[in-house]
Amino acid sequence: MQNLHDSQLGKKTGGSAQYSPQLLFPLARAEKRKLLGLNNAHLPFQGVDIWHAYEVSWLNAKGKPQIALAEFIIPCDSPNLIESKSFKLYLNSFNLAKFNSTEIVTTTIKDDLSAALGKPVEVKLILPSEFKQLQLQELPGKNIDHYDVSIDAYQPDTRLLSVTDKIVSETLTSNLLKSNCPITDQPDWACVQIHSHGKKIKEAELLKYIISFRQYNEFHEQCVERIFSDILRHCAPEKLSVFACYTRRGGLDINPFRANFAATPPDVRTAYQ
């Protein structure tokens, strides 16, 4: 498997004048998961990574540009993830490529991504005629950002997590999640939704824990898996799901979802994105 430092992330790159699936840069999930004490063969969660692309274009058979938005649903148990800049460069390689139909474009992307990720993915192209159906929403749940907390550390600290003896089933949200790219150190902003059933997680302490990611350098998927793992280990809920909606960068946003019960992520795009 390729090393992250061999990718184009953080390096000056130009566009490709022809369709180039080799631009996709897969990274094995297992290495980062080992740091969290996770075993790829026995993950404590199921879930998906939902990517949205806003700069998708190609040429029809006559050379006329076509545009679309795109949604990619990647299973979290795929052996690999895709480094995001390589994904952007790959999608840009379609800009001067001719295809006879939207269906061929969809199938091409699906085949390329599935091969790179090591597991089948879902691909949906949203055409301009469907744009009016798209709406902004907020993540469902109780927002906890109103707590007047004091913060003096900006690296993840599980000591901030605690529970009461009250058993609840609740969904909490925050718009204050921020982490940094592990290579460029550029900021990644997100809204996060945490659903749990079990002893009530103390809300102010949970907010402080979320804010503690502010100087943490890691990919979106791995931040969500760390949040999930930390809450599962230190709060011991019977049911837990974590969903983060990250703001787009480079025409892409990434929305990882992890749960230890049968659940699906809300179908939303927030105003903050």
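Details
- For Tyr154, Tyr209, Tyr246, the sequence from fewest to most other C-beta atoms within 10 Å is Tyr154, Tyr209, Tyr246.
- Taking all Cα pairs closer than 8 Å and separated by 6 or more residues, the relative contact order of region 4-133 comes to 32 percent.
- Label point 7 Å beyond Cα of Ser129 along Cβ direction - residues of region 54-98 with amide nitrogen under 16 Å: 66-69
- Across the chain, Cα pairs under 8 Å and at least six residues apart give a relative contact order of 21 percent.
- In degrees, nearest ten, helix 220-235 long axis to first principal axis of the chain (Cα): 20 degrees
- Rough spin-label spacing in nm, given labels placed 7 Å along Cα→Cβ, for Glu55 and Ala17: 2.0 nm
- With neighbours defined as other Cβ atoms within 10 Å of a residue's Cβ, the residues Ser129, Ser162, Ser212, Ser196 order from fewest to most as Ser129, Ser162, Ser212, Ser196.
- Sum of side-chain charges, Gly251 neighbourhood, beta-carbon under 13 Å (Lys, Arg +1; Asp, Glu -1): +2
- Sites counted here are trypsin sites (Lys or Arg not before Pro) in a DSSP loop (not H, G, I, E or B) having no more than 11 other Cβ atoms within 10 Å; the longest part of the chain that contains none of them is 63-273.
- The length gained by stretching the chain between Ser150 and Asp267 to full extension, at 0.36 nm per residue less their Cα-Cα distance, is 38.8 nm.
- GNM flexibility winner over the chain from Asn92, Asn217, Asn100 (Cα, springs under 10 Å): Asn100
- Relative contact order of region 161-270, taken over Cα pairs closer than 8 Å and 6 or more residues apart, is 28 percent.
- Measuring between their Cα centroids, region 169-217 and region 39-93 lie 24 Å from each other.
- Two-site FRET efficiency, Leu36 against Asp77, from Cβ-Cβ distance with R₀ of 22 Å, rounded to 0.05: 0.90
- Modelled spin-label separation between Lys98 and Lys64, with each label point placed 7 Å from Cα along the Cα-to-Cβ direction: 1.5 nm.
- Comparing Ala259, Ala61, Ala53 in a Gaussian network model of the chain, where Cα atoms under 10 Å apart are tied by springs, the biggest mean-square fluctuation is seen for Ala61.
- Taking every DSSP helix (H) stretch of at least 4 residues in the chain, weighting each as -39,500 (n - 2.57) and dividing the sum by the residue count yields a mean residue ellipticity at 222 nm of -6000 deg cm²/dmol.
- Convex hull of Cα atoms in the chain, direction-averaged projection (nm²): 14.8 nm²
- Each Lys and Arg Cβ is given +1 and each Asp and Glu Cβ -1; about its Cα centre, the chain then shows a dipole of about 300 debye.
- Highest-fluctuation residue, Glu83, Glu170, Glu103 considered, GNM on the chain with Cα pairs under 10 Å: Glu103
Computed from the coordinates by the stated procedures, all read-outs in this text should not be read as laboratory data. Keep in mind that this is a model prediction, so the values were computed, not measured. Virtual Cβ from ideal backbone geometry, glycine too; neighbours counted across all protein chains shown.
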